[in-house]
Structure formats: structure tokens, C-alpha cells
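Working notes, beginning with the structure itself.
The values are calculated or read from the model by the stated rules, or taken from the named source; none is laboratory data. Keep in mind it's a predicted model, so treat the numbers as computed, not measured. Backbone-built Cβ (ideal geometry, glycine too); neighbour counts: all protein chains shown. Surface areas here come from the heavy atoms of the whole protein model, side chains and all, with no ligands, DNA or RNA. Shrake-Rupley method; radii C 1.70, N 1.55, O 1.52, S 1.80 Å.
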Amino acid sequence: MKLNHLGNDGRPVMVDVTEKKDTYRTAAAEGYIKVNEKIYDIIEKGNGAKGDVLGTATVAGIMAVKKTWEIIPMCHQIPVGGCNMDFELDEKEKLVKCTCTVKTTGKTGAEMEALTGVSVALLTVYDMCKALDKTMEISDIRLLEKTGGQSGTVINRR
């Protein structure tokens, strides 16, 4: 299989989607950040020194989804129809799980947008809490599923 972001001469190219038909597409991604007990309590209560950590991370993730095409070199600008950021807290493991779901109708998918949304949301959690602990760990960022387009539905099960 040939990588579609490389031309015949091996140089980078943007995939030409001009002739593709618009279709309804979705993508969902997830990732985690492990924090210490003090940070977990601040996140759970929503009272960090810099404000509501998950509220800010939600806005940052959505903003990143809308700007993915500006930071990932070969991404197309897509019309983001909807974006949802969800967070789940695991008290026992001191984990914050972030899930980003993106919806669009267009010529190309929303996988990169969902992955970027999760990444930036988790980086925002780190940024807002780093004064208390610089050993937080972001991990397991992955595509959960995507629908639409030529490859149809893809579900990434563990």
C-alpha cells in the first residue's frame, strides 16, 4: 500500500479530494492523563487556581478541532458540524479520560480533528495543573471509531 501523502517523486503532497462526494462522517478519539491526588481533587471540584480545569480543557479541545488543518500539514479544512468533549474521572487510578467526538459532512474525514481535540484538551489539563506537579502522564491517545467515506466504519477495539 502506498502512502497517499507522498507523490510519485516521494515528496509530500496534499491528497486531492476535489472530485470526492460529500458524505456524513464522524470520528471519536480518547486519551488519558494520570494526575496526583491533589490535582485530582482540584479537577473534581472545579476550583483550580487558574479556574475550572475541565471547562477550560473543553474549550481548548473544541478550538483545536476547528484549527486542526492549520497545525497538521496535510489536513484539509473541514466544515465541523459538531464537536463534543467528554471527561470521565477515575478516582481509584487518578485518571482523567477525555473523549472527543466530531461530526461533519464533507469530502474527507474527521479522525485527525478528534485526535487533535483530545490531545490539546489533555495538554490543557497539564498546563493548568503543572505548577502543582510536572510528572503528570498523558497516554493512550487513539482513534476509537470513524464512520463514512471510502473506508466506511472502522471500530478500534482494544
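Tabulated data for the structure shown
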| quantity | calculated |
| --- | --- |
| Angle in degrees between helix 111-129 and the longest Cα principal axis of the chain, rounded to the nearest 10 | 20 degrees |
| Accessible-area ranking of Thr108, Thr18, largest first, probe 1.4 Å | Thr18, Thr108 |
| Of the GluC sites (Glu not before Pro) in segment 15-69, those whose Cβ has at most 16 other Cβ within 10 Å and which sit in DSSP loop | Glu19 |
| Pairwise FRET efficiency - Asp140 versus Lys45, Cβ, R0 = 22 Å, nearest 0.05 | 0.30 |
| Lys130-Gln77 pseudo-label distance in nm [points 7 Å out on the Cα-to-Cβ vector] | 3.0 nm |
| Relative contact order computed over segment 36-158 (Cα-Cα under 8 Å; 6+ residues apart), in percent | 25 percent |
| Measure of compaction for the chain (Cα Rg per 2.2 N^0.38 Å) | 1.15 |
| In segment 53-101, trypsin sites (Lys or Arg not before Pro) in a DSSP loop with at most 10 other beta-carbon atoms within 10 Å | Lys92 |
| Out-of-range pairs (alpha-carbon distance over 25 Å; input Lys20/Lys146; Lys34/Lys107; Lys45/Lys92; Lys66/Lys146) | Lys34/Lys107 |
| Positive-end residue of Asn156, Cys129, Leu89, charge dipole of the chain with Cβ unit charges | Asn156 |
